[in-house]
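Asker: Quick one: the structure is below, questions incoming.
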Amino acid sequence: MAHGGLLICLFITILVLDQTNAQSAKLKGKKERRSKEKEKDGDLKVQIDKLWREVNSLKEMQALQTVCLRGTKIHKKCYLAFEETKHFHEANEDCIAKGGTLAIPRDTEENNALRDYGKKSLHGSGEFWLGVNDMVNEGKFVDVNGVALTYFNWERSPNGGKRKNCALLTQASQGKWIDEVCRSLKKYVCEFIIP
Ligand SMILES: [Ca+2]
């Protein structure tokens, strides 16, 4: 009898264990499904983000092509001239709003290309803003991002002192640079880097 009782006990224990296992397997299944759904959602989000980035970069490329077609292209940048006269800061802000900066020729070839393009595109005035200034440290000319320049094309050593902190390219001296009061109203050329 005692032997029979033990067997029944064992049988019940096995039944209970089996049910518990079945339930936990069910739960596990649900969890797996949920995590798979989450994964799917995650994948979709990654794909949408990727597409969004591609659309944006296509838009940028298209805008850049328009700029290059309207302006001129040299190596990996395009220049686009603006007839409207602005202060140095306003001119640079306008270039930034268009996705570029004021033009910064980095070598003689770029400077010559910029000079020729300026001559062809800007009527009347023979000078325009470059993205070059010494506003922060007198005599230390940097680009519009504050990075020190390695190429200069001064007509003569800039001598405007603290009054003149922004650089102009002048046609009068075949594309040489001069320092000017930043609040002067001048035409300008923006540059756009091609990625
Ligand atoms: Ca200065």
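Asker: Where residues in segment 136-146 are of a type in the set (D, E, K, R) and either outside any strand (DSSP E or B) or outside the structural domain of Lys187 (by TED's automatic domain parsing) (or both), which of them is nearest to the ligand (Cβ to nearest atom)?
Answerer: Among those that are of a type in the set (D, E, K, R) and either outside any strand (DSSP E or B) or outside the structural domain of Lys187 (by TED's automatic domain parsing) (or both), it is Glu138.
Asker: What residue, of Gly131, Gly161, Gly175, Gly126, is in contact with a helix residue (DSSP H, G or I) (Cβ under 8 Å, 6 or more places away or on another chain) and at pLDDT below 95?
Answerer: Result of the check over Gly131, Gly161, Gly175, Gly126: Gly126.
Asker: For residues that are in a loop (DSSP other than H, G, I, E, B) and within 16 Å of the ligand (Cβ to nearest atom), scanning just segment 80-135, find the one that is surrounded by the fewest Cβ atoms within 10 Å (Cβ to Cβ).
Answerer: The extreme case among them is Met135.
Asker: Give the residues of segment 182-195 that are closer than 19 Å to Ala97 by Cβ and either surrounded by 15 or more Cβ atoms within 10 Å (Cβ to Cβ) or among the charged types (D, E, K, R) (or both), sorted by residue number.
Answerer: Cys182, Lys186, Lys187, Tyr188, Val189, Cys190, Glu191, Phe192
Asker: Any chance you could count how many residues in segment 152-173 are away from the ligand (no atom under 16 Å from the Cβ) and touching a Lys or Arg at 6+ places or on another chain (Cβ under 7 Å)?
Answerer: Number satisfying all stated conditions: 4.
Asker: Quick check, is Leu149 within 16 Å of the ligand (Cβ to nearest atom), at pLDDT 95 or above, of a type in the set (A, V, I, L, M, F, W, C) and assigned by TED's automatic domain parsing to the domain that holds Lys186?
Answerer: yes
Asker: Within the bounds of segment 167-181, is there any residue that is surrounded by fewer than 19 Cβ atoms within 10 Å (Cβ to Cβ), among the hydroxyl-bearing types (Ser, Thr, Tyr) and under 23 Å from Leu64 (Cβ atoms)?
Answerer: no
The values are calculated or read from the model by the stated rules, or taken from the named source; none is laboratory data. Fair warning: this is a prediction, and the values are worked out from it, not measured in the lab. Heads up, the Cβs are rebuilt from the backbone with ideal geometry, glycines too, and the neighbour counts pull from every protein chain shown.
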